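We did not get these values from a lab; they are worked out from the coordinates using the rules stated. Since the model is a prediction, treat every value here as computed from it, not as a measurement. When we count neighbours, we look across all protein chains shown, and the Cβ atoms used for this are built from the backbone with ideal geometry, even at glycine.
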């Protein structure tokens, strides 16, 4: 006797339309999700509008000042917007801002990475916790306090360092010292390095803590030393984060105002030696001259602020490109 079995065929479930799939992917299927999506999108649009408004304001006021400038705004070594005719330029300010920031990064980045590695990979927990707490406190110190400390403590004690640099490296011309007060670009760079050190340290510390434990254990299992583990596993994984931390510190160094104004002896000269008093930065020049400036003088200061605004955008944009290009070579994608 033949027994035949019948199989019931279940029709396939209806597939959502492409529009419904997009809405589901965006999380816009519930009222709460739609409200949150609208708020998030509005916040992003507001940020773009705010940046555009700032750029437009700076551009309009800068154009008004530059149109009255009888000199070359980008190459003139003078700041006299109230003169007849007005003559002012940003050559000294751009040089001082970039040089002081480079000095600060050259000093702060290696020290910050060393502190972050010590806290995460060498120090016992009872010691690493208090050190991290002190670093966090340094990030909360106001700029004016750093400036007062720089004037009253740091600058008076830099004479020995300046003398040593002049004795052994003065032949280069960069570290030649004439014996004046150490209120020079090198002093500004040291102070800025101390100010940005907590930022770079804290970000780097969190990046190093996110390194997969399996990467480090695999390197140790292969016989690697502690330094080899850091060099082959930790630093490659955190390369993008280190660049981001450095750019955050650079952003503060570029825009620092009061501490630089208190330590630096400003002048509109570019000195070959970093130990000679003189020079200036964008933020320091704006802070020291804005209150006494006339209408055209304020427009000139705003024009210099526009240049600083553009430099900051270029620095952050370049850092972003570097991070995107180096991401595939880091251990983050492993």
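Extension gain for the segment residue 74 to residue 270, taken as residue separation times 0.36 nm less the Cα-Cα distance, is 69.2 nm to one decimal.
Can you tell which of 120, 172, 76 shows the greatest fluctuation in a Gaussian network model of the chain with Cα springs below 10 Å? The residue that fluctuates most here is 172. Packing, taken as the mean count of other beta carbons within 10 Å per residue, orders the peptides 265-271, 220-226 from highest to lowest as 265-271, 220-226. Taking other C-beta atoms within 10 angstrom as a stand-in for reagent exposure, 247, 195 fall in the order 247, 195, fewest first. I need the Debye-formula profile for segment 27-66: one equal scatterer per C-alpha, no solvent, reported as log10 I(q)/I(0) at q = 0.15 1/Å, two decimals. Normalising to I(0) and taking log10 leaves -0.50.
Compared with the dominant principal axis of the Cα atoms in the chain, helix 125-139 is inclined by about 60°. Extending 7 Å from Cα along the Cβ direction at residue 290 and again at residue 60 yields two label points whose distance is 1.9 nm. Highest GNM mean-square fluctuation among 313, 154, 321, for the chain modelled with Cα contacts below 10 Å: 321.
Taking 0.36 nm per residue of separation and subtracting the Cα-Cα distance, full extension of the segment from residue 209 to residue 46 would add 55.3 nm.
Above 16 angstrom, tally the Cα pairs of segment 150-202 and express them as a % of all pairs, no decimals. Roughly 46 percent, rounded to a whole number. When the Gaussian network model of the chain links Cα atoms closer than 10 Å, the mean-square fluctuations of 113, 137, 192 top out at 137. To the nearest ten degrees, helix 185-209 and the longest principal axis of the Cα atoms of the chain are 10 degrees apart. Return the tail of the calculated pair distribution for the chain, meaning the percent of Cα-Cα pairs more than 28 Å apart. It works out to 59 percent of all Cα pairs.
Projecting label points 7 angstrom from Cα along Cα→Cβ for residue 321 and residue 181 puts them 4.2 nm apart.
What do you get for the angle between helix 31-66 and the principal long axis of the chain? Use alpha-carbon atoms, 0 to 90 degrees, nearest ten. Roughly 20 degrees, rounded to the nearest 10. Calculated from DSSP H runs of 4 or more alone, at -39500 (n - 2.57) each and per residue, what is the 222 nm mean residue ellipticity of the chain, nearest 500? Roughly -20500 deg cm²/dmol at 222 nm, from the helical runs in the chain.
For residue 53 and residue 174, the FRET efficiency from 1/(1 + (r/R0)^6), where r spans their Cβ atoms and R0 equals 41 Å, is about 0.50.
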